[in-house]
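The values are calculated or read from the model by the stated rules, or taken from the named source; none is laboratory data. Keep in mind it's a predicted model, so treat the numbers as computed, not measured. Don't worry about glycine lacking a Cβ; one is built from the backbone with ideal geometry, like all the others, and counts go over all protein chains shown. With ligands, DNA and RNA removed, areas are computed over all heavy atoms of the protein, side chains included. Shrake-Rupley method; radii C 1.70, N 1.55, O 1.52, S 1.80 Å.
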Amino acid sequence: MLTAVAFRMAAQGQTPEPKAMHYTIVDGDTLPHVNIETVTVRQFKNKRKQIKYNKLMYNVKKAYPYAVAARDELAYMNSQLAGIEDKEQQEEYVKNYEKLMFKRYEKELRALTISQGRILIKLVDREINNTAYELVKEYRGSVSAFFWQGIARLFGENLKSEYNPTEEDMYIEEIVQLIEAGLI
């Protein structure tokens, strides 16, 4: 019988590496020593809260890859900008890179729901340590940041939303950690 990890590895065309088993012999019986990962089982008081958590998990799983992509794309863009000394060339590079990102991600991002977009704004702050508003302000200027903040406010959102993993965003953080651990 395959374990969940071995099954997942086999499905991906990988084979698990054999591991040495630690054991103890007690009264002629061999007792294996096995380290078991800690798993948190979330208990809810009612079905409605369980459904709400499951919906949040679904939305975080949809939005998280885009936050990671934003972090990686921003790191790449910054590494390229470091090699450009002329301010006008830097601005031109940012504009061209923005166009490329729109081509690459626009269709998928437009398909996100409002809830997923709200979560994405929070996750961008988590991954980049900067709010979406500050990112727009830094790379596109104050006027552009003000404009996009106004558009976000029309839809009841706030680009200045900060990620707070210990209070209001603790369930999001829990779900992200489960994703990063490969458990969901």
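Do you know which of the residues in segment 130-143 that are outside any loop (DSSP other than H, G, I, E, B) and of a type in the set (Val, Ile, Thr) is surrounded by the fewest Cβ atoms within 10 Å (Cβ to Cβ)? Write out each step before concluding.
Keep residues of segment 130-143 that are outside any loop (DSSP other than H, G, I, E, B), which gives 132-140, 142-143.
Next, only the ones that are of a type in the set (Val, Ile, Thr) stay: 136, 143.
Working: VAL136: 18, VAL143: 9.
Restricting to residues being outside any loop (DSSP other than H, G, I, E, B) and of a type in the set (Val, Ile, Thr), the top hit is VAL143.
Six or more apart or on different chains, Cβ under 7 Å: which pairs go from a residue in segment 86-103 that's without any contact (Cβ under 8 Å) to a residue 40 or more places away in the chain to one that's assigned to a helix (DSSP H, G or I) and open to solvent by less than 80 Å² (accessible area, probe 1.4 Å)? Could you list them?
Final answer for the pair search is GLN90/LEU81; TYR93/GLN80; TYR93/LEU81; TYR97/MET77; MET101/GLU73.
Taking PHE146 as the residue in question, decide whether it is over 13 Å from the mean Cα position of the chain (by Cα), within 30 Å of GLN50 (Cβ to Cβ), open to solvent by 100 Å² or more (accessible area, probe 1.4 Å) and of a type outside the set (Lys, Arg). Show your work before the answer.
Numbers: over 13 Å from the mean Cα position of the chain (by Cα): yes; within 30 Å of GLN50 (Cβ to Cβ): no; open to solvent by 100 Å² or more (accessible area, probe 1.4 Å): yes; of a type outside the set (Lys, Arg): yes.
No, not satisfied.
Do any residues in segment 112-126 that are touching a residue at least 12 places away in the same chain (Cβ under 8 Å) have Cβ atoms under 6 Å from those of residues that are in a helix (DSSP H, G or I) and of a type in the set (Val, Ile, Thr), where the two are at least six apart or on different chains, and which pairs are they?
The qualifying pairs are ILE119/VAL60.
Would you point out which residue out of ARG42, ARG71 is under 29 Å from LEU178 (Cα atoms) and modelled with pLDDT under 85? Explain how you work it out, then say what you get.
On the way: ARG71 fails: modelled with pLDDT under 85.
Result: ARG42 is the single residue among ARG42, ARG71 that is under 29 Å from LEU178 (Cα atoms) and modelled with pLDDT under 85.
Might you check whether a residue that is hydrophobic (A, V, I, L, M, F, W, C), part of a helix (DSSP H, G or I) and open to solvent by 50 Å² or more (accessible area, probe 1.4 Å) occurs anywhere in segment 106-123? Spell out how you get there, then give the answer.
Going through segment 106-123, the residues hydrophobic (A, V, I, L, M, F, W, C) turn out to be 109, 111-112, 114, 119-121, 123.
Checking which are part of a helix (DSSP H, G or I) leaves us with 109, 114, 119-121, 123.
With the extra rule that they be open to solvent by 50 Å² or more (accessible area, probe 1.4 Å), the set shrinks to 109, 114.
The answer is yes, given that some residue of segment 106-123 is hydrophobic (A, V, I, L, M, F, W, C), part of a helix (DSSP H, G or I) and open to solvent by 50 Å² or more (accessible area, probe 1.4 Å).
When segment 69-85 is examined, which residues are found to be in contact (Cβ under 8 Å) with a residue 40 or more places away in the chain and either of a type in the set (D, E, K, R) or within 21 Å of GLU168 (Cα to Cα) (or both)? Working first, answer last.
Taking segment 69-85 as the starting set, the residues that turn out to be in contact (Cβ under 8 Å) with a residue 40 or more places away in the chain are 70-71, 74.
Listed by number, the list holds a single entry, ARG71.
If you go through segment 157-180 one residue at a time, how many are among the hydrophobic types (A, V, I, L, M, F, W, C), assigned to a loop (DSSP other than H, G, I, E, B) and free of Cβ contacts under 8 Å to residues at least 24 places away in the same chain?
Our first condition is that a residue be among the hydrophobic types (A, V, I, L, M, F, W, C); within segment 157-180, this holds for 159, 170, 172, 175-176, 178-179.
Then drop every residue that is not assigned to a loop (DSSP other than H, G, I, E, B), which leaves 159.
With free of Cβ contacts under 8 Å to residues at least 24 places away in the same chain added as a condition, the list becomes none.
So the answer is 0.
Find the residue count for segment 47-101, including only residues that are outside any helix (DSSP H, G or I) and surrounded by 13 or more Cβ atoms within 10 Å (Cβ to Cβ). Steps first, answer last, please.
Applying the first criterion (outside any helix (DSSP H, G or I)) to segment 47-101 yields 82-86.
Imposing the further condition that a residue be surrounded by 13 or more Cβ atoms within 10 Å (Cβ to Cβ) reduces the set to 84.
Matching residues across segment 47-101 total 1.
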